[in-house]
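Here the structure is laid out as structure tokens; the discussion comes afterwards.
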Amino acid sequence: MELPRANQEVDYRLCAWMLTFLLHERMITTEEAEAARKDLLKKFQPPVGELDGGLVYD
């Protein structure tokens, strides 16, 4: 994988992890986490992150 694409993937994964933490700490709702994840996919366009089918925030 090219370095810029790898950076996109890492940035996406770190942000998604942060969303999971915020949700776990009840600082955001499931709906907010899912909306933010979709925004992250648009912003970063991660090469592998698009294949994860979306995180499950239940």
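Figures for the structure shown
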item	result
Distance in nm between pseudo-label sites at Arg26 and Leu3 (7 Å out along the Cβ direction from Cα)	4.5
Whether region 3-46 is rounded, prolate or oblate, judged on the alpha carbon gyration tensor where a/c under 1.5 counts as rounded	oblate
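Computed from the coordinates by the stated procedures, all read-outs in this text should not be read as laboratory data. Just so it is clear, the model here is predicted, and its values are computed rather than measured. For neighbour counting, all protein chains shown are included, and Cβ atoms are generated from backbone atoms with ideal geometry for every residue, glycine included.
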